[in-house]
Amino acid sequence: MLPQTRKKPYSRMNDMKNILKTLIISASFLTLFLPSAFCEKIIFSANSMSGTVGDKSDSTTLSGEAYVLTESMEISADKITMSGKDFRFIEAEGSIIGKNMESELEFTCNRLKYDRETKIANLSDTVNLTDVKNNVTAKAQLIEYNQNTDIAVMQIDIELKQKDNTCTGVYAVYRKNDQMLELSGNAQIKQGADTFRAQEITLNLTSQEITLDGRVKGSIVDERKTSSAENEVAETQENQQDEETAETSGDTAQETEEKTPDGNTEPEAEATKSEEAEEKKDKQKNE
């Protein structure tokens, strides 16, 4: 009887590696924990997953209610693909909802690319970004956010709102830590009823100080004059109402003085009737 031989440990590892090189998994809900070279744990789930794992390149695609959570970024989308060594790159598309926990930023868009090593996120296709801590909201077609510097670069159809400010332009740089906004390309800021236009505008979101440069235009509404004008209009309307009320009262008094057929008013008619009655009584006494 020949002695049984056991597989060496390295042989078993090679078998496992060969199996993992072509990995196709389908499940109603799947959650995995992946340690990475960046000392960061990734949690992800989806209705289905397909991918390959190799020595040089890893790639995994999540489909249907896809969800990825890293130590700083949370992303849900219709489809998410993780690729590169140790899943360095994350790409998502379709109904994306995300949050950066470190920067307290929330966003929605239709396309996203995120580099876990450089911590730069590229958001595109109808982007909505909210700085929760500073109560700043922004819309644009393209936003690149650098998590290390806390700077967001916005392009195309920009609209940023903060307090009474509504800022629009073609290109903008939002410096989150400094609370500074730099606008260019048909730049405009509306502060309540006031409007400022220039080639370049810088707004300090803390002090509300505005710096305009190049073809400056603007319009400012004097609230004191506006209030005075409103008071004058109100007084004129009150006077008109008083005059109309007086005229109506006069007309009513005239209408109550109804005339009798002989042209006398009611009091005069009553007096005439009394005199006639007394004359009849005197005649009857004489007879």
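The values are calculated or read from the model by the stated rules, or taken from the named source; none is laboratory data. Only a predicted model underlies this, so the values are computations on that prediction, with no experimental measurement involved. Heads up, the Cβs are rebuilt from the backbone with ideal geometry, glycines too, and the neighbour counts pull from every protein chain shown. Note: accessible area is taken over every heavy atom of the protein model, side chains too, but ligands, DNA and RNA are not part of it. Shrake-Rupley method; radii C 1.70, N 1.55, O 1.52, S 1.80 Å.
Check Q237, Q208, Q199, Q241 and return the single one that is out of contact with any strand residue (DSSP E or B) (no Cβ under 6 Å at 6 or more places or on another chain), modelled with pLDDT of 85 or more and not in a loop (DSSP other than H, G, I, E, B).
Q199
How many residues are more than 17 Å from S184 (Cβ to Cβ) and open to solvent by less than 60 Å² (accessible area, probe 1.4 Å) if we restrict to region 138-151?
4
For region 159-175, check the following and say yes or no: at least one residue is at pLDDT 95 or above, more than 19 Å from L205 (Cβ to Cβ) and either touching a Leu at 6+ places or on another chain (Cβ under 8 Å) or part of a strand (DSSP E or B) (or both).
yes
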